[in-house]
1. Residues of segment 346-387 being exposed (fewer than 14 other Cβ atoms within 10 Å of the Cβ), near the ligand (Cβ under 9 Å from one of its atoms) and touching a residue at least 24 places away in the same chain (Cβ under 8 Å), which ones?
2. Identify, please: which residue in segment 388-411 is assigned to a loop (DSSP other than H, G, I, E, B) and surrounded by 14 or more Cβ atoms within 10 Å (Cβ to Cβ) and is, among those, nearest to the ligand (Cβ to nearest atom)?
3. So for segment 286-302 (the condition being in the same structural domain as Cys402 (by TED's automatic domain parsing), in contact (Cβ under 8 Å) with a residue 40 or more places away in the chain and among the hydrophobic types (A, V, I, L, M, F, W, C)), does at least one residue qualify?
Amino acid sequence: MDNNLQETLLGNILVVDDTPENLRLLSTMLSQRGYVPRCVINGQMALRACNSHPPDLILLDIMMPQMNGYEVCQHLKLDAKTRDIPVIFISAKDEVFDKVNAFTVGGVDYISKPFQFEEVLARIESHLTLRKLQNQLKEQNILLQQEISSRLAVEKDLQEKNLILQKEISSRRAVEKALQEQNLLLQQEIFNRECAESALLKSHQELARYNAELEQFAYVASHDLQAPLATIVSYAQLLEKRSKDKLDSQANKFIGNIVYGCMRMQNLIDDLLEYSRFGRSDKLLQQTDCNQVFEQAIANLQGVIRDTEAVVCSSELPVVHGEISQLVQLFQNLVGNAIKYRQDAPPVVSVSACKHQDHWLFSVSDNGIGIAQQHQERIFKIFQRLHTQKEYSGTGIGLAICQKIVQRHGGRIWVESEPGQGSTFRFTLNENTFDL
Ligand code: ADP
């Protein structure tokens, strides 16, 4: 059998004895039983042999010159490499053998000479088995320790992950809570807005109703005022004509004032009637070519254009969804004002339109007297004028009508101007507008 294999199977045994006879005896006995014995004759050699190739067991003679068995054993126990090798002491029958010392220095057993072979072999076997078991135990212990530490590491890892998870859960809960709160606020906000919206709708409807009622009232009142006013005017004129010579100059002046006042009132009533009529129009809106609208308006203003030598031009205008007569009125009022509120130079008026997002933006520009910033909103209100009759005649209703027309077409109107720098009136009209 191969030596190495034998060693692994049964054990490698170092025999230390200074008596060659004993060595031979033990070596033969062990070889016969299948062990691999190594023999040395003193302590020094024993230590060297153990260091270079540690045996599985040592049979160690006690009484040896220079270094006795106890000392050899002590040296072996001091070295980690040899500490665990079981040492069985061999004692001669006539020697004074200190068993207690043998165990104290680290021996595991002892054998007395002369040898009982079977006993020696039994002791060797049992210590080798013991050592094997110890080694197995050690290995298992190491494995167990590794297992424990890896489990501890896993546990630690799990604990850390658990902590992170807990944090994550609590932060998610916090987010959830915040979201719930925001949701509540949002719902409250939606509810508030819905309330405000319905209140707005209600007031809008009420406003529309009041407006309609007001227009109806203005229409009825102005319509009904026309006849008595006409009577007053004609009688005042009759009085002026027939009693001119019988009355003094002051009375005649008073009558003249009555006639003038009545005629002005007639104008105002006519305009008011016209204004209220614009709200009562029930004509449907239709595709309307603004070039035609512009031409019609210019035709209506032919007289004043000729008298003032005004230059009125326009760029190509679009087709919009509208009511032609109202749009003619709109253009006519704006171009008419642009001529009326002129400076010394002949008026120059230009009309243009450009597409702006979903609507058309119209501009009517002039080189007239201009309008100060603070008046630019109020001139669109009914009867708001910036001049006396002597300066510029009018009733202050033209722009109010323009605003009404533009609003009915779904647009808005405003002015950009500076005193002395001319004005640009702008209004928007939709391509697909709806009848308001
Ligand atoms: P009216 O012309 O009868 O006074 P409007 O409603 O047309 O009434 O105009 C209101 C006022 O706005 C006018 O009195 C005038 O002062 C001012 N205005 C209107 N158009 C122009 C314009 N193109 N240039 C300067 N002022 C204007």
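The values are calculated or read from the model by the stated rules, or taken from the named source; none is laboratory data. Because the structure is predicted, anything quoted here is derived from the model rather than measured. A quick note on method: Cβ atoms are made from the backbone with ideal geometry, for glycine too, and the neighbour counts reach across all protein chains shown.
1. Result: Phe383, single match.
2. In the first step, residues of segment 388-411 are kept if they are assigned to a loop (DSSP other than H, G, I, E, B); the result is 388-397, 409-411.
Applying the additional criterion that residues be surrounded by 14 or more Cβ atoms within 10 Å (Cβ to Cβ) yields 392, 394-397, 409-411.
Details: Tyr392: 6, Gly394: 2, Thr395: 5, Gly396: 4, Ile397: 6, His409: 18, Gly410: 21, Gly411: 18 Å.
The extreme case among them is Gly394.
3. Of all residues in segment 286-302, those in the same structural domain as Cys402 (by TED's automatic domain parsing) come to 286-302.
Pick out the ones that are also in contact (Cβ under 8 Å) with a residue 40 or more places away in the chain and you get 290, 294.
In the following step, the residues that additionally are among the hydrophobic types (A, V, I, L, M, F, W, C) were identified as 290, 294.
For segment 286-302, residues in the same structural domain as Cys402 (by TED's automatic domain parsing), in contact (Cβ under 8 Å) with a residue 40 or more places away in the chain and among the hydrophobic types (A, V, I, L, M, F, W, C): present.
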